[in-house]
Structure formats: C-alpha cells, structure tokens
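Student: Before we start, here is the structure in question, set down as structure tokens.
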Ligand SMILES: Cc1cc2nc3c(=O)[nH]c(=O)nc-3n(C[C@H](O)[C@H](O)[C@H](O)COP(=O)(O)O)c2cc1C
C-alpha cells in the first residue's frame with residue numbers, strides 16, 4: 001500500500017482541488033471573521049522609511065541571469081535607503097484604488113495575507129531588533145529591541161547565515177485574510193503569495209549587488225514566539241537573509 005498517499009500532503013491537495021461539481025458547494029467551516037488587511041503596532045516606536053529613489057540598474061534579463069541564493073556575507077552594514085528599496089520591492093504600494101491598494105507582488109484576491117517582520121542586525125542608523133513593516137505607512141514598527149541573531153540561527157536549524165545577514169526577513173501569514181474567501185484552499189494561495197514576495201526580494205537584492213537566500217527550514221514556533229504571534233491565526237511561513245557579499 002502507498003502510505004504516502006494517505007498523508008496530509010496528498011490529502012490536502014486532493015481535498016482542496018476545484019472541480020466543477022464541488023466548487024460552489026458550501027463547506028462545513030462556518031462563518032469566518034474578516035481580519036483587517038493591514039496590521040500595525042500603534043504604540044510601537046517607529047522609523048519612517050525614505051521613499052526609494054530608483055537609479056538605473058542592469059536589465060531585468062541580466063538580473064534574472066545573475067540571481068543565485070547566496071549564503072556568505074560580510075558584516076558590512078547596509079543603509080536604510082537600501083533596506084527601504086528592498087521593502088518597497090516586496091510589498092510597496094504601486095496603485096491605490098477605492099477599495100484596494102495594489103502592490104509590487106501579486107496576491108490571490110488582492111487579500112495580502114503575508115506580513116513582513118525584520119530582524120535587523122547590521123543596518124546603518126537602525127538599532128538591532130525585531131521590526132514589523134507597516135505597508136500602508138511605509139514605516140518600521142519596533143517590536144523588540146536587541147540582537148536576536150543567536151536565537152534565530154538556532155531556530156533556523158543552526159544555519160549561520162541567518163545571524164550573519166545584515167537583515168533577516170520573516171514572513172508570516174494572517175490565515176483568515178485569505179481563508180474568508182478561499183476557505184481551505186487558501187493555504188495554496190498563501191504560500192504562492194509568499195513565493196512572489198521572496199522572488200521580488202531576491203531580484204531586488206541581486207540588482208543592488210547584495211546576497212540573498214530564502215530559508216524554509218526553521219522551527220516554526222520558535223520564530224512565532226519571538227514575534228509574539230500565536231502560530232495559528234498568524235504564523236511564520238518563510239524567511240530570507242540579505243547581506244553584503
Ligand atoms: C522554499 C525554499 C526554501 C529554501 N530553504 C533554504 C534553507 O533553509 N537553507 C538554504 O540554505 N537554502 C534554502 N533555499 C534555497 C535553495 O537551496 C536554492 O534556491 C536552490 O539550491 C537553488 O539554487 P538557486 O536559488 O541559487 O538557484 C530554499 C529555497 C526555497 C525556494
């Protein structure tokens with residue numbers, strides 16, 4: 001018997017397929033609250049990010065050709081302007097419509113379930129700590145002050161690059177933002193959204209001569225605890241390092 005076919009991976013894909021018969025059938029998940037599209041920390045000290053000035057870069061084709069996951073960084077800091085460009089590349093608002101603000105990366109249903117946190121290690125004029133990226137205000141909100149690199153290395157299965165990076169991007173999902181529309185199928189879209197965001201980060205980092213590496217190997221709840229999120233309604237889904245080469 002093929003036991004793997006009974007595991008949750010195959011079962012999830014099977015049970016969340018759209019087919020012409022079941023697509024409009026009511027599921028048994030009941031009514032769901034609709035969380036706000038934007039999360040913020042109104043009491044937190046904040047840093048307004050400089051609006052990026054976009055100087056000419058190499059062509060998209062050349063950047064695609066150069067993109068590689070790079071894991072060895074110097075401890076030379078990056079500037080806050082560079083950090084602002086990376087944040088704009090992943091979730092910058094590029095079009096405001098009455099009901100939605102559209103961003104640099106696509107999102108299923110324009111529901112934007114992914115939040116960005118940073119562990120800042122070496123960024124000029126930004127003290128070390130954990131920050132939340134406020135997308136709407138283009139600002140950083142301080143969640144915790146201090147150097148968490150050792151904790152994060154450990155949480156990422158002892159991957160040293162996580163601590164050596166100038167900054168670690170930590171992406172979380174606010175599951176209900178997507179689930180209230182897509183029900184159980186939302187998990188497919190949440191991770192697809194995160195992939196778009198991470199690719200934007202890698203391309204932007206490459207265009208500025210920085211190293212970047214996605215990180216999927218981590219102890220979920222060790223990251224969740226650090227961020228002060230519950231690991232259920234909001235949970236860490238993906239990380240990426242950025243540093244000077
Ligand atoms: C979802 C995902 C998770 C990954 N997790 C890790 C990781 O934990 N550690 C690591 O060193 N690289 C990680 N990588 C990077 C891959 O190893 C890398 O993309 C792959 O070897 C192909 O190399 P390239 O990105 O340079 O083309 C991850 C990549 C993806 C897309």
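Student: Among bridges DSSP assigns within segment 57-244, what percent are antiparallel (round to 5)?
Tutor: 95
Student: Same structure again: Just order 108-116, 170-178 by mean Cβ neighbour count inside 10 Å, highest at the front, would you?
Tutor: Peptide ranking by packing, descending: 170-178, 108-116.
Student: Could I ask something else about it? Based on alpha-carbon positions alone, could you give the equivalent ellipsoid semi-axes of segment 78-126 from the gyration tensor, as √(5λ), descending, whole Å?
Tutor: Computed over segment 78-126, the values are 26, 12, 8 Å.
Student: Distance from the Cα centre of segment 1-21 to that of segment 146-188, in angstrom?
Tutor: The two parts, judged by their Cα centres, are 26 Å apart.
Student: If you wrap a convex hull around the C-alpha atoms of segment 57-244 and split its volume per residue, what is the figure in Å³?
Tutor: 116
Student: Then there is this: Go ahead and estimate [θ] at 222 nm for the chain from helices alone: -39,500 (n - 2.57) per DSSP H run with n ≥ 4, summed, over the residue count, rounded to 500.
Tutor: Using -39500 (n - 2.57) per qualifying helix, the result is -9000 deg cm²/dmol.
Student: Starting from the Cα-Cα distance between residue 183 and residue 57, subtract it from 0.36 nm times their residue separation and give me the gain in nm to one decimal.
Tutor: Stretched fully, the residue 183-residue 57 segment lengthens by 41.3 nm.
Student: So for the chain, averaging the separation of alpha carbon pairs under 8 Å that are six or more residues apart and normalising by length, what relative contact order in percent results?
Tutor: Rounded, it is 24 percent for the chain.
Student: Which of 191, 218, 24 ends up with the largest GNM mean-square fluctuation for the chain, with Cα atoms connected below 10 Å?
Tutor: Top of the fluctuation ranking is 24.
Student: Order the peptides 143-149, 14-20 from the highest to the lowest mean number of other Cβ atoms within 10 Å of their residues.
Tutor: In decreasing order of mean packing, 143-149, 14-20 become 143-149, 14-20.
Read-outs throughout are calculated quantities, based only on the coordinates presented, and are distinct from any laboratory measurement. Since we're looking at a predicted model, the values are computed, not measured. Glycine also receives a Cβ, built like all others from the backbone with ideal geometry; neighbour counts cover every protein chain displayed.
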